[in-house]
Structure formats: structure tokens, C-alpha cells
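All of the numbers you see were taken from the coordinates with simple rules; none came from a lab. Everything numeric here is computed off the predicted structure, so don't read it as measured data. Reconstructed Cβ throughout: ideal geometry from the backbone, glycine too, with neighbour counts over all protein chains shown.
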Amino acid sequence: MHALLKKLVVIGVVVAVAASAWATDKVQVTPKVTKDLIVTNLLNGLSSGNRGVKESAAFMLGEEKAARGVVPLMQMLRNSDEESSRIVAALSLCRIGDPRGVYAVKQSAKFDDSERVRTLCAWFYNQYVKPGSFDFVAVEPAAPVEFGSR
């Protein structure tokens, strides 16, 4: 009887261990953060209705030198009603360095309706693309840039 009890206890322990091994925990696995995931999230931020989120996303696309952001940033540079949004888009396009975006910034430096945007586009072009290409631009912009001001 004593041996039978030992066998039952061992079988019970084995079953308990096996059951716990098959039990599933609801563990949330965080996806691996990659540059592609970051750029995708920043591109989503560009379509935000919040100007601060949109401009921050545009700036960070330039920081990441994200080539996938060139076309949306060009649209922002051309179509945004906000000067600050156009300025951030121009800066990011120059930092990315894609020829399409650089050309858009060069055109904005010549033809944008806002003198402030034209001057800063030329300054960014001088700083990041081709120094001396806009000789009329001072080494530093005349007025400090305040993003988000109205």
C-alpha cells in the first residue's frame, strides 16, 4: 500500500507540472522596434489634426533621414496654410537630402508667399544642401524661429 501511495503522489506531481507547462499565459509581447516601424508611426503623425503632432512628426522624419517621408513632406511644404509647418517640412526635406525634396525647398525659397518661409528655405538650403547657393541669405536667420506661433 505504501508503494502505491508513492506512485500516486509521483503521478500527481508529474501531472501538475505537465499541466502548468501547457498552461498559456496572456503575455503581451512588445513588437521589436525597428526604423521601419518608427517611420511608419511618424508618417501616421503627419496626418494628425493636431499641428504640434504633425510638426513634431515632420521634424523627426528629418532626424531619421526617412526617404519614405519625402513625398508627404513635399505635400506639407506646398499645401500647408501654417508657416511653421512649411518651415519644418523644408528643414526635414533638406536634412533627408533626396533630390525631389531639395528641389521643392529650392522652389519654395524663390516662390513661397511668405517672406519668412522663403528666407528660411534658402537658409536651410545653404546649410544642408549647397553652401553659397543663396548669397542673399545671412549666416543666421534675421529673426528667431518660433514654431507654433500664430
### Task
Please enumerate the residues belonging to segment 37-85 that are small (Gly, Ala, Ser) and within 22 Å of residue 111 (Cβ to Cβ).
58, 62, 80, 84, 85
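For every residue, the table says whether it meets (1) of a type in the set (Gly, Ala, Ser); (2) more than 22 Å from residue 40 (Cβ to Cβ).
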position	(1), (2)
56	yes, no
67	yes, no
81	no, yes
88	no, no
99	no, yes
103	no, yes
### Query
Across segment 73-116, what is the total count of residues that are crowded, with 23+ Cβ neighbours inside 10 Å and among the β-branched types (Val, Ile, Thr)?
3
### Query
Is it fair to say residue 117 is in contact with a Lys or Arg (Cβ under 7 Å, 6 or more places away or on another chain), within 20 Å of residue 61 (Cα to Cα) and part of a helix (DSSP H, G or I)?
yes
### Task
With the condition kept exactly as written, say whether any residue in segment 100-114 is out of contact with any helix residue (DSSP H, G or I) (no Cβ under 7 Å at 6 or more places or on another chain), of a type in the set (S, T, N, Q) and closer than 29 Å to residue 132 by Cα.
yes
#### Entry: Residue within segment 93-102 that is over 22 Å from residue 115 (Cβ atoms) and without any contact (Cβ under 8 Å) to a residue 24 or more places away in the chain present
yes
### Task
Output the number of residues of segment 51-72 satisfying the condition of being surrounded by 20 or more Cβ atoms within 10 Å (Cβ to Cβ) and either of a type in the set (D, E, K, R) or part of a loop (DSSP other than H, G, I, E, B) (or both).
3
### Message
Given the condition surrounded by fewer than 22 Cβ atoms within 10 Å (Cβ to Cβ) and under 27 Å from residue 130 (Cα atoms), answer yes or no: does some residue in segment 20-37 qualify?
### Response
no
### Qualifying position, being polar (S, T, N, Q) and in contact (Cβ under 8 Å) with a residue 12 or more places away in the chain, among 84, 80, 56
84
